[in-house]
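Below: one structure, written as C-alpha cells.
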C-alpha cells in the first residue's frame, strides 16, 4: 500500500470526557497492531496498557480503524472512559525490514514505497523518544559530548566544581566546617555559624564576605538554614528551667499537702477536745445543780430540827414544876435537843460549802465551753488553709506536666524508624527531631520528609541543659 506520511508526531494524548469511547489518531499507521494505547488513571496515577480486540467489550479493550490510510484513523473503546483519565496513543513499528527486492524481474514499486514510508515512520518514532529524553541546548558550550558517570549508591547526581562534567555527590552536601570570610562556596556546601551553632546550606555559589550571624549577613539570601541549633539550645535551656521549676513546685506542693494534712489532723483533735470539754462542762453544771438541790434539802431539815428542839424545851420547862421525875426526863430531852441543834448547824455549814463548790464548777464549765468554741474556730481555719494549699499543689503539677509535654512534641526521642506522627499522635511539624537507633543519626523533619544530620560539629551545642531536657523527654 502506498500512503503519504504526514509531518506530524506519531504520538497524541487526550483527557477523556465522562463516558467517551472514540479517540482520533491524527498520524498514519500501517496495521492495527502498530498502535499502543495507554490509560493513566487520574485518581491513582496507575498506567494501564489497553488490549487490541476485534470486538472490545470493556473500557480496557479497543478496536482500530484507518490502518494504511493517509491522515490516520481512530480507536474505539469497549466501554465508557472515566472523566479526566489520560489516554496516550503512539505508533510503535518494529525496527526491522520485512521486504527484500529480487535481483531480477519486475521491480515492485509498491513494496518500495511501503518500505520507504516505514523508514520515515520509524524516524518519527525515534524523534518522539528523543523529545521524551532530557538533552542539552543546541547552543551549549559546556554540555556538548557530555557523558554520564558510573552509578554510585545513595548519592545525588550533580555538576562538578569545574562546571564541565557530572558526578555523584553526597546526599545532603559537602561540609566545609566553620564559616569564614573571603571563602569560595558552591551550591550544597554546608557551613557552621560559630556565633550561634546553626548549620546552613549554600544555595548560590559565591565568595563569602561580611560577618556572622549569617541570618543578618549581607549575603543572607545565599544561605538556607537546615539545623537551628540556636533555637534548639534556647528551647532546651527553657525546658530545663521549666523542669527545675516544676520539680520545685512539686516539692513545695508535696510539703504544702503534708502541712495541710497535719493541720487537718490538729483541727480534728482540737474539735474532739472541744467536744470533750463541753461534755465535762455539762456534767459539772449538772453536779452543781444537784449539789444546790441537796443544800436546800439540808437547810430545810435543819430548820425543822431547830423548831422541834424549841418546842421540846418549852414542854420541858412547863413539866419541871410539876414533877421531879419529869424534870429529869426533860433534862435528858434538852440534851438531845441541843445535840440536834448542833447537827442542824453542821448541816447548814455543809450546804453552804456545797453551794460554793457548785458555783465554782459552773464557772469552770463556762470557761471550758468558751475554750471549746475557740478550738472549733481554729480547726475550721486550719481546714480552709489545707484546702488552699492542696489547690496550689494541683495547679503547679498541671504546669509541670504542660512544660514536659511541650518539649516532648518537638523532640520525639529515640526510634528505630522515621515516625509519621508525634508522641501524642498529632501531625508532624517542621523542625521536629528524633534519634534513629538503627542508623545512629539525629534526624530533622523539613515539613515533608525526615533528613539525616550528618557531619555536623556539635561542639557548640548546649550540654547540661540539653541533656537534662532530653532525659526528661525520654
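Coordinate-derived values only; no laboratory data. Treat the numbers as computed from the prediction; the structure is a model and nothing was measured. With ideal geometry, Cβ positions are generated from the backbone for all residues, glycine too; neighbour counts draw on all protein chains shown.
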Extended-chain gain in nm, criterion 0.36 nm per residue less alpha-carbon gap, residue 427 and residue 38: 136.3 nm
Förster radius 56 Å - calculated FRET efficiency between residue 405 and residue 146 (Cβ-Cβ, nearest 0.05): 0.55
Rg [Å, one decimal], Dmax [Å, integer] - region 11-131, C-alpha atoms: 16.8, 60
Ranked 69, 37, criterion: other C-beta atoms within 10 Å, fewest first: 69, 37
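Fewest to most neighbouring Cβ within 10 Å: what's the order for 118, 155, 192?
Ordered from fewest to most neighbouring Cβ atoms within 10 Å, 118, 155, 192 come out as 155, 118, 192.
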Pairwise label distance in nanometres, residue 247 with residue 394, each label 7 Å out on the Cα-Cβ vector: 2.7 nm
5 Å-binned pair-distance histogram of region 170-227 (Cα, whole percent): 4, 22, 38, 26, 7, 1
Length released on extending from residue 98 to residue 112, taking residue separation times 0.36 nm less the Cα-Cα span: 3.9 nm
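Based on the Cβ-Cβ distance of residue 182 and residue 158, what FRET efficiency does E = 1/(1 + (r/R0)^6) give at R0 = 30 Å, to the nearest 0.05?
With a Förster radius of 30 Å, E is 0.75.
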Fewest-first ranking of 450, 179, using other Cβ atoms within 10 Å as the exposure measure: 450, 179
